[in-house]
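Take a look at the structure below.
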Amino acid sequence: MCHSRENGNPDSFFSRSFNSDKAGMVSSAIMGNNKSIFTYDSVIRKTGISSFCGIDEAGRGPLAGPVTAAAVIFPPDICIEGLDDSKKLSAEKRELLEKDIKDKAVSFGIGLAGVEEIDQLNILQAAFLAMQRAVSNLTLRPEYLLVDGRDFPVFFYGEGKDPLSGKAVIKGDSKSASIAAASILAKVYRDRLMVKYADEYPGYGFEKHKGYGTLYHRKQIIKLGPCEIHRTKFIRNTIKNTGLFFEDCL
């Protein structure tokens, strides 16, 4: 049985690079042992790290809505057929895998950073904040973290003051089962949220494009004006670059 707490608001969060001896040990162990996403995680366990989580986000690029993140801790020897990077899967396949992931995970957490935080911090820092909240919503403290991407921000768990160890994994959602699972949970959670927003803010088509900058979406912003869940800086730059007159709808 898996556990989750969705949302959260950690007291302290900041971003900087964090390296540890464990990161070097893990990097050495996985060289030449990356045949599948499950192999990647099992090799890390062989270094003596038993409790680790994969972390990924969804929603960095859209013009509207929050950025979401998920953290997933799997038990040893897990196998979920079809598990892969969420971007490679259909919406229907992601929905099916989401249930399997939640059923088999030791723990998982979801975190969000809202539109105001994105505009205030910038999207990268907001994504890190969502990741921190996802980790804080795990029901047990992970020993090690695998984060999709090039950057490894500082993470804390609960009221702890010692940063958690881990490493960034470029294209990790295609390499690590834990990160791939996190990518699916974050994507499915965000997509459902955007469908709900479509009812609350009709006319923009959020249920179809999930906030991304399609031509239809950009035209509707010009026609209707931005709504509360639009990212002000994102839409100003995007629509300006398309030659549309965004300032007329402010």
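The values are calculated or read from the model by the stated rules, or taken from the named source; none is laboratory data. On a predicted model such as this, the values are computed, not experimentally measured, just so you know. Using ideal geometry, Cβ is built from the backbone for each residue, glycine included, and neighbour counts are taken over all protein chains shown.
Of the helices (runs of 4 or more DSSP H) entirely within the range 177-235, those holding at least 1 residues that are without any contact (Cβ under 8 Å) to a residue 24 or more places away in the chain, assigned by TED's automatic domain parsing to the domain that holds residue 42 and surrounded by fewer than 22 Cβ atoms within 10 Å (Cβ to Cβ) occupy 177-200. Considering only residues that are small (Gly, Ala, Ser), modelled with pLDDT of 90 or more and assigned to a loop (DSSP other than H, G, I, E, B), look in the range 18-64 and name the one that is farthest from the chain's Cα centre (by Cα). Among those that are small (Gly, Ala, Ser), modelled with pLDDT of 90 or more and assigned to a loop (DSSP other than H, G, I, E, B), it is 48. Evaluation of residue 150 against the conditions (1) part of a helix (DSSP H, G or I); (2) without any contact (Cβ under 8 Å) to a residue 60 or more places away in the chain; (3) touching a strand residue (DSSP E or B) at 6+ places or on another chain (Cβ under 7 Å) shows that the sole unmet condition is (1). Against the list (1) more than 18 Å from residue 176 (Cβ to Cβ); (2) touching a strand residue (DSSP E or B) at 6+ places or on another chain (Cβ under 6 Å), the condition residue 132 fails is (2).
From the list 107, 50, which residue is exposed (fewer than 14 other Cβ atoms within 10 Å of the Cβ), on the phi < 0 side of the Ramachandran plot, hydroxyl-bearing (Ser, Thr, Tyr) and not assigned by TED's automatic domain parsing to the domain that holds residue 221?
Unique residue meeting the criteria: 50.
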